[in-house]
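Take a look at the structure below.
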Amino acid sequence: MNVISPQRSGQLVKADRAFGTGRLLNRLFAPGFQKILNRVDAGLEQGALEAWLPDGSTRILGGRTPGPVCEVRLNSWRALVRLVSAGSAGWYRAWAAGEWESPDPVPLFDLFMRNAQTLGGVARARGIKRIFAKGMHWLRRNSRRRARLNIEFHYDLGNDFYALWLDKTISYSSALFINPNIISEKLETAQNRKIEAILDRLNLRQGDRLLEIGCGWGGLAQAALERGLIEYDGITLSSRQQTYAQDRLEAAGLGNRSRILLTDYRDVVGQYDAIASVEMVEAVGQEYWPDYLAAVHRLLKPGGRAAIQYICIDDALFERYAASADFIQAYIFPGGMLLSESRFRAIAEAQGLEWENAHHFGQHYAETLRRWRENFDAAVIAGKLPPEFDERFVKLWRYYLMYCEGGFRGGGINVAQVTLVKT
């Protein structure tokens, strides 16, 4: 819980009074804030929100049909100002400033996502802040030069950092559980099942060449090479991932049949029997989806198969999502963009790639994120994080893991695997 100290709470009260909270705000500004809350209330078709307001009053928003139930304490009216002007990025800034808190933010994020269509633009950036956010996102689009910087921003936080809270396969993508509601299955087992599901789609035979676009830390590479006598090329833009994956494959005695290349997918040459790509395409950006799929088509032999795992957002939400830059794009994955499945599929089919056997498993990602957060918190409590990761960083990443978990639980965000076949 993001709990503020009594001293900080007192500072917020004084600041709000200067801002106009006190009696003056109640007369002049509070009706405007109540209108915002009215809009939220009207948009909550499922679930309920109990709001504790800065003036000491409480309101129940929603509550008309079953759904997630959550509590939010608004320590400052500024939190609402940030929400309606800067969307999810503003809501994060309000949380980091102690302007709102909750005993468990995950149901809140679930509630917002579950009701995203009926809430409309209540929690989306608007005006100059939307234009600014979109402009900053455009400046960080994934050109060849900028793509490397974007990947380094996130993935070069360090192999030791990720190894602290991911499973032993070092898989930074959704696991595939027998049942995401049964918590007894180990995360590592579910991650290995996900890897095997990707490889099963490729029908690899002895002597085949496999390319992995976005090889991560080499977990799929090792599994594929141990499965059969194939040749493997993996590409990444993270030098730290490259080093880790190379060392991993060498240690497993698989270095003679594998290469880990520090290169952009647009610059790969050759022909492959199969391609795997697990949650890399979200780092491409909508502008470059045609380039990515053209590369897949160009690099596959006729009849070749590509297995893609991707994160998508409900098509009904995509246009509003794409019109700005959300919290994830602003703070976690610069240049990133969740897929619109229908748009991405249309481009794939136009390139001559058949779309086969899509399987969606979003609730598995929610459980994966819960496990990651549990591991992350344990590492923080044990003092295992490298010293360069300060309290501000820890709070940001905890928020990020909660935000994503709630998004998947709410159903507006999903994860899927699909097979693309070159015709």
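The values are calculated or read from the model by the stated rules, or taken from the named source; none is laboratory data. What you see is a predicted model; the values in this text were computed from it and never measured. Please note: Cβ atoms are built from the backbone with ideal geometry, for glycine as well, and neighbour counts cover all protein chains shown. Surface areas here come from the heavy atoms of the whole protein model, side chains and all, with no ligands, DNA or RNA. Shrake-Rupley method; radii C 1.70, N 1.55, O 1.52, S 1.80 Å.
Some notes on this structure:
- Each residue in the stretch 33-53 was checked for being surrounded by 17 or more Cβ atoms within 10 Å (Cβ to Cβ), aliphatic (A, V, I, L, M) and more than 20 Å from residue 66 (Cα to Cα), and 1 pass.
- Within the stretch 262-291, if we keep just the residues that are more than 25 Å from the chain's Cα centre (by Cα) and not charged (D, E, K, R), the residue that is nearest to residue 325 (Cα to Cα) turns out to be 268.
- Residues in the stretch 244-284 that are of a type in the set (Val, Ile, Thr), over 21 Å from residue 353 (Cβ atoms) and free of Cβ contacts under 8 Å to residues at least 40 places away in the same chain: 263 alone.
- Residues satisfying the stated conditions in the stretch 350-374, i.e. more than 23 Å from residue 413 (Cα to Cα) and assigned to a helix (DSSP H, G or I): 350
- Scanning the stretch 198-216 for residues that are open to solvent by 10 Å² or more (accessible area, probe 1.4 Å) and either free of Cβ contacts under 8 Å to residues at least 40 places away in the same chain or at negative phi (or both) gives 200, 201, 204, 205, 206, 207, 208, 209.
- Scan of the stretch 319-331 for residues that are in a loop (DSSP other than H, G, I, E, B) and either at pLDDT 90 or above or over 15 Å from the mean Cα position of the chain (by Cα) (or both), ordered by number: 323, 324
- Note on the stretch 291-312: residues that are open to solvent by 10 Å² or more (accessible area, probe 1.4 Å), over 21 Å from residue 151 (Cα atoms) and either aromatic (Phe, Trp, Tyr) or assigned to a strand (DSSP E or B) (or both) amount to 4.
- Test: residue 179 is under 22 Å from the mean Cα position of the chain (by Cα), in a loop (DSSP other than H, G, I, E, B), within 24 Å of residue 375 (Cα to Cα) and not small (Gly, Ala, Ser): yes
- Selection status of residue 335, open to solvent by 20 Å² or more (accessible area, probe 1.4 Å) and on the phi > 0 side of the Ramachandran plot: no
- Residue check, residue 71 open to solvent by 70 Å² or more (accessible area, probe 1.4 Å) and among the acidic types (Asp, Glu): yes
One line per residue, one yes/no per condition, for (1) closer than 16 Å to residue 34 by Cα; (2) without any contact (Cβ under 8 Å) to a residue 12 or more places away in the chain; (3) part of a loop (DSSP other than H, G, I, E, B):
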{"position": "67", "(1), (2), (3)": "no, no, yes"}
{"position": "72", "(1), (2), (3)": "yes, no, no"}
{"position": "76", "(1), (2), (3)": "yes, no, yes"}
{"position": "80", "(1), (2), (3)": "yes, no, no"}
{"position": "83", "(1), (2), (3)": "yes, no, no"}
{"position": "94", "(1), (2), (3)": "no, no, no"}
{"position": "108", "(1), (2), (3)": "no, no, no"}
{"position": "112", "(1), (2), (3)": "no, no, no"}
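- Residues located in the stretch 338-360, provided they are open to solvent by less than 10 Å² (accessible area, probe 1.4 Å) and either out of contact with any helix residue (DSSP H, G or I) (no Cβ under 9 Å at 6 or more places or on another chain) or among the small types (Gly, Ala, Ser) (or both): 340, 348
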